[in-house]
């Protein structure tokens, strides 16, 4: 990864010198344990360079016996063989560690692919959840509009009921007035009949009433009868109107009661549905938060694996 610096040759050389000074063999694993960092490939490269550049003891031009030279030659050969064996062992260990690193890279690439697929699945699930949430919000809006329409219909029916009640009160007042008028007319009619009977008696007794007076009396009586009949007809009409108004009012009250019951049921249904949708929306919000947390965790894991993979490549 850009900006990341690995271990240097100087650090590896210093660690190898310290390990050698303790009497131990400075292997790649020992150097890495001492430094606490560094890829096996980089440590192996610097360790080989350290061995190649490590100063050897200076030789002096002295004459030594042949048997001593032979002994020194054998010692030198053993030392060379030991160094060769050590180099071979280091190379084998480096190859083994390189193979392990390659296996780890393949395994981490598989993990990255699996996490990427999981992230795609969570993205699709999040989209489906968002669609459900939008549908729930739309349903709540529709139910609210239906409840408002039911309330408006109930208000209109209540207004109609109030109008019918006022009309009934007006008609009842008119009936009371007409009853008073009829009573007054009946009183006048009774008085007129009594006067006519008195007049007839006086006419019969005196036999002095003329035909004209009789005719006028008959017309007056007929006129009074017509007035009574007209008032009676008006009274009957008003009674019919009152009966109809009462019927209308009864129907209006029935409609209003049914409307109130329907509105109450609709409100209860709406409340239950809104509560259910509210629970659904809350669950969907909670699920969205959980999905987002999972996606963030997956993204962090992918980032860590990619960092490790890049570090292995740079190493």
Go through (1) at pLDDT 90 or above; (2) within 30 Å of residue 305 (Cβ to Cβ); (3) part of a loop (DSSP other than H, G, I, E, B) for residue 12 and report which single condition fails. (3)
What residue, of 300, 296, is surrounded by fewer than 13 Cβ atoms within 10 Å (Cβ to Cβ), under 30 Å from residue 41 (Cβ atoms), within 44 Å of the chain's Cα centre (by Cα) and modelled with pLDDT of 85 or more? 300
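Taking region 16-46 only, how many residues are part of a helix (DSSP H, G or I), more than 60 Å from the chain's Cα centre (by Cα) and crowded, with 19+ Cβ neighbours inside 10 Å? Explain how you work it out, then say what you get.
Going through region 16-46, the residues part of a helix (DSSP H, G or I) turn out to be 16-21, 28-35, 40-46.
When the remaining residues are screened for being more than 60 Å from the chain's Cα centre (by Cα), the result is 16-21.
So of that shortlist, the ones also crowded, with 19+ Cβ neighbours inside 10 Å come out as 16.
Total satisfying the criteria: 1.
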Any idea which of (1) surrounded by 15 or more Cβ atoms within 10 Å (Cβ to Cβ); (2) under 47 Å from the mean Cα position of the chain (by Cα) is the one residue 268 doesn't satisfy? (1)
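The values are calculated or read from the model by the stated rules, or taken from the named source; none is laboratory data. The model shown is predicted, which means the values in this text are computed figures rather than measured ones. So basically every Cβ, Gly included, is an ideal-geometry build from the backbone, and we count neighbours across all protein chains shown.
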